[in-house]
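K.L.:
First, the structure itself, so that you have it in front of you.
The values are calculated or read from the model by the stated rules, or taken from the named source; none is laboratory data. Just so it is clear, the model here is predicted, and its values are computed rather than measured. Cβ placement follows ideal geometry from the backbone for every residue including glycine, while neighbour counts extend to all protein chains displayed.
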Amino acid sequence: MWLFMAPSVLVIALVLFYPFFSAVYYSFFNYYLGSQAITFAGFDNYTALLSEARFWITMGNTFFIVGASVALQLVLGLALALALYACTRGVRLISLLNFLPHVVTPVVGGIFLKWIFVGRWGLLDATLISFNIFPPDWLGDPDWARFTVIMADTWKFMPFLMLVLYAGLQAFDTALLEAARIDGASNWQLLWHIILPMMKPLILFVVAIRTMDAFRFFDLIYVLTNGGPGTATETITLYTYQIGFRLLEVGRASALGVLTLIVVAMMVALLIWFMQRRGREAF
Amino acid sequence: MAAIDLYRRLSAFAVPGFTSQANDENTVNFAQDVAATGQQWATRCATMDNPQRSKVVGKIQWAVPPGGRQAITTDGYAISKFSTKNKEMLFRILAKALDEDSQRGAADLATPTRRAVLNDPAIQAKFRWYPAVSKCLDVGEPLPALAEFNEAAEVACKRIVQAIVGQMPVKAALDAGAAEVVELLTRRGYYRG
């Protein structure tokens, strides 16, 4: 058995454990790529980051963008999954078309979106102006830039939620719905009292997966706003990139990566606790 | 502070989303007559006289920024250490790329680095932005010879943009940027902690 597992374990060790333990190791050193010297720093990188205003700003941005985009994706994804469930024709075609944004490479998708949202001559501005509507500054105003990156993330990842929730609906016991209908339940009552409670474990599962994933939100923001204007859309991953790949400070970037991991792990632990508290059927 | 405040006030007249735009968007703004004035990369100047891409053919001109002292930045060759295995070939490639014929032939793609080519009246007549480029070189200044200049500029620019878009007051943004640059240079050993 161990022999069969060896290739997988080797790959996981190479791409997961080695980078992880390297990051933890380097986070305790002053390691600047432009210098030959690597000196032990203890917890200095961590204390320096935790005392930085920018760290808390980017953490706040991350929570706001992740929270808003995951919530929006859940609402839209669930609505579309229910609509698809109710459809009798063209389900495959509609679900395929809906899933297309998720297939597009994020950077390519980001470039498409940038040409849509760019000021004055972008597709969206040009369309709104043709109807005599003065468009907002999608990428240049801090609040609108946050809105735009949330929309971009929703466009990209909502299809994933929709598909998972639709698959969950497929496994649904229709006898319950039919029984409720016979008892005179309206569509809203079916949704609130039967469908949503039955789907709760699946909903919490996709929310946990998407939240973990959304914390790594980088490529679309990098292409659309590069974290700007100023630091309005700078998430924790963009800040890590800035420190690691622009300032070449591997030690601090590693410490930031470890801090991000701790935050995400705590959030996921909270979600699992919540799931186990509300019903033990989730995991 | 006055300069940043001027930028902040000018931003009301700037193209929406200018903080997220680079030379590609900039060139479209100029060519589509959306922006009236601004900086342009020399390699994008030819677009302005291309009737298939530009609405302003023959209606615009290039000039030296008032006051001069603008920064001169250049692209360069990145030479792998493995190239030392064939130094002769590397030298030939560089010599060929930089000789007068090559620069003359590629003058529509990149600014000739040889003054003799850049200031050639025939080249300047054919590519009408080169007289301004040549004058810019006369009054421009290289960036400070500090290895960390780009990194410090990146840190400070974040704060400057925050001031321009109204996220922070100008003084607070510049103070924060200055403190962050000092912190960066302290980490790099320029200042004592």
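K.L.:
Restricting to segment A:153-202, name every residue that is free of Cβ contacts under 8 Å to residues at least 60 places away in the same chain and among the basic types (Lys, Arg).
P.N.:
A:181
K.L.:
I'm checking my understanding of the structure. Among residues of segment A:128-153 that are hydrophobic (A, V, I, L, M, F, W, C) and assigned to a loop (DSSP other than H, G, I, E, B), which one is farthest from the other protein chains (Cβ to nearest Cβ)?
P.N.:
First pass over segment A:128-153, keeping only residues hydrophobic (A, V, I, L, M, F, W, C): A:128-129, A:131, A:133-134, A:138-139, A:144-145, A:147, A:149-152.
When the remaining residues are screened for being assigned to a loop (DSSP other than H, G, I, E, B), the result is A:131, A:133-134, A:138-139.
Details: A:131: 17, A:133: 14, A:134: 10, A:138: 6, A:139: 4 Å.
Only one residue tops the list, namely A:131.
K.L.:
If I filter segment A:153-188 down to residues being more than 27 Å from the chain's Cα centre (by Cα) and among the small types (Gly, Ala, Ser), which single residue comes out as farthest from residue A:81 (Cα to Cα)?
P.N.:
Looking at the filtered set, the residue picked out is A:184.
K.L.:
Quick check: anything in segment B:23-31 surrounded by 11 or more Cβ atoms within 10 Å (Cβ to Cβ) and of a type in the set (D, E, K, R)? Steps first, answer last, please.
P.N.:
Taking segment B:23-31 as the starting set, the residues that turn out to be surrounded by 11 or more Cβ atoms within 10 Å (Cβ to Cβ) are B:23-31.
Checking the rest, the ones that are also of a type in the set (D, E, K, R) come to B:24-25.
Yes.
K.L.:
Checking residue B:94 against (1) more than 21 Å from the chain's Cα centre (by Cα); (2) at pLDDT below 90; (3) surrounded by 14 or more Cβ atoms within 10 Å (Cβ to Cβ): exactly one of these is not met. Which one?
P.N.:
Just one mismatch for residue B:94, condition (3).
K.L.:
Hey, any hits in segment A:228-240 for a residue that's aliphatic (A, V, I, L, M) and away from chain B (no Cβ under 14 Å)? Steps first, please.
P.N.:
Quick first cut of segment A:228-240, residues aliphatic (A, V, I, L, M) only: A:232, A:236, A:238.
Narrowing the set further to residues that are away from chain B (no Cβ under 14 Å) leaves A:236.
There is at least one residue in segment A:228-240 that is aliphatic (A, V, I, L, M) and away from chain B (no Cβ under 14 Å).
K.L.:
Of the numbered conditions (1) more than 14 Å from chain A (Cβ to nearest Cβ); (2) over 30 Å from residue B:146 (Cβ atoms); (3) of a type in the set (S, T, N, Q), residue B:40 fails exactly one; give the number of that condition.
P.N.:
(2)
K.L.:
Where the second residue is not hydrophobic (A, V, I, L, M, F, W, C) and the first is closer than 25 Å to residue A:252 by Cβ and lies in segment A:7-24, which pairs have Cβ atoms under 8 Å and are six or more apart or on separate chains?
P.N.:
A:22/A:254; A:23/A:254; A:23/A:257; A:24/A:254
K.L.:
Can you name the residue in segment A:17-29 that is outside any strand (DSSP E or B) and surrounded by 17 or more Cβ atoms within 10 Å (Cβ to Cβ) and is also nearest to the chain's Cα centre (by Cα) among such residues?
P.N.:
Of all residues in segment A:17-29, those outside any strand (DSSP E or B) come to A:17-28.
Keeping just the survivors that are surrounded by 17 or more Cβ atoms within 10 Å (Cβ to Cβ) gives A:23, A:26-28.
Values: A:23: 22, A:26: 27, A:27: 25, A:28: 29 Å.
Going through the qualifying residues, I end up with A:23.
K.L.:
Now for a separate question. Name the single residue that is farthest from residue A:210 (Cα to Cα) among those in segment A:30-46 being surrounded by 13 or more Cβ atoms within 10 Å (Cβ to Cβ) and more than 13 Å from chain B (Cβ to nearest Cβ).
P.N.:
A:38
K.L.:
Looking only at helices (runs of 4 or more DSSP H) that lie completely in segment B:1-99, which have at least 2 residues being of a type in the set (Val, Ile, Thr), within 30 Å of residue A:141 (Cβ to Cβ) and not assigned by TED's automatic domain parsing to the domain that holds residue B:166? Reasoning before the result, please.
P.N.:
Working: elements: B:2-10, B:23-31, B:87-98.
Filter on segment B:1-99 gives B:23-31.
K.L.:
When you scan segment B:161-183, how many residues do you find that are more than 11 Å from chain A (Cβ to nearest Cβ) and outside any helix (DSSP H, G or I)?
P.N.:
The number of residues fulfilling the criteria is 1.
K.L.:
Limited to segment A:104-127, what total is found for residues that are crowded, with 17+ Cβ neighbours inside 10 Å, in contact (Cβ under 8 Å) with a residue 40 or more places away in the chain and either within 14 Å of another protein chain (Cβ to nearest Cβ) or at positive phi (or both)?
P.N.:
Counting residues in segment A:104-127 that are crowded, with 17+ Cβ neighbours inside 10 Å, in contact (Cβ under 8 Å) with a residue 40 or more places away in the chain and either within 14 Å of another protein chain (Cβ to nearest Cβ) or at positive phi (or both) gives 4.
K.L.:
Out of the residues in segment B:131-153 that are charged (D, E, K, R) and surrounded by 14 or more Cβ atoms within 10 Å (Cβ to Cβ), state the one that is farthest from residue B:42 (Cα to Cα). Spell out the reasoning first.
P.N.:
Of segment B:131-153, the ones charged (D, E, K, R) are B:135, B:138, B:141, B:148, B:151.
Now restrict to residues that are surrounded by 14 or more Cβ atoms within 10 Å (Cβ to Cβ): B:135, B:148, B:151.
Working: B:135: 13, B:148: 26, B:151: 24 Å.
Here the answer is B:148.
K.L.:
So which residues in segment A:194-227 are within 14 Å of chain B (Cβ to nearest Cβ) and either of a type in the set (A, V, I, L, M, F, W, C) or out of contact with any helix residue (DSSP H, G or I) (no Cβ under 9 Å at 6 or more places or on another chain) (or both), if there are any at all? Lay out the reasoning, then the answer.
P.N.:
Applying the first criterion (within 14 Å of chain B (Cβ to nearest Cβ)) to segment A:194-227 yields A:220-227.
Answer for segment A:194-227, where residues must be within 14 Å of chain B (Cβ to nearest Cβ) and either of a type in the set (A, V, I, L, M, F, W, C) or out of contact with any helix residue (DSSP H, G or I) (no Cβ under 9 Å at 6 or more places or on another chain) (or both): A:220, A:221, A:223, A:224.
Rundown of residues vs (1) more than 9 Å from every other protein chain (Cβ to nearest Cβ); (2) modelled with pLDDT of 90 or more; (3) part of a helix (DSSP H, G or I), yes/no style:
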position: B:145; (1), (2), (3): yes, no, no
position: B:159; (1), (2), (3): no, yes, yes
position: B:185; (1), (2), (3): yes, yes, yes
position: B:189; (1), (2), (3): no, no, no
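K.L.:
Right, here's the next one. Taking the criterion of being more than 25 Å from residue A:235 (Cβ to Cβ), of a type outside the set (A, V, I, L, M, F, W, C) and either without any contact (Cβ under 8 Å) to a residue 40 or more places away in the chain or buried (at least 16 other Cβ atoms within 10 Å of the Cβ) (or both), would at least one residue in segment A:47-66 satisfy it? Break it down into steps so the answer makes sense when it comes.
P.N.:
Going residue by residue through segment A:47-66, those that are more than 25 Å from residue A:235 (Cβ to Cβ) are none.
Checking segment A:47-66: not a single residue is more than 25 Å from residue A:235 (Cβ to Cβ), of a type outside the set (A, V, I, L, M, F, W, C) and either without any contact (Cβ under 8 Å) to a residue 40 or more places away in the chain or buried (at least 16 other Cβ atoms within 10 Å of the Cβ) (or both).
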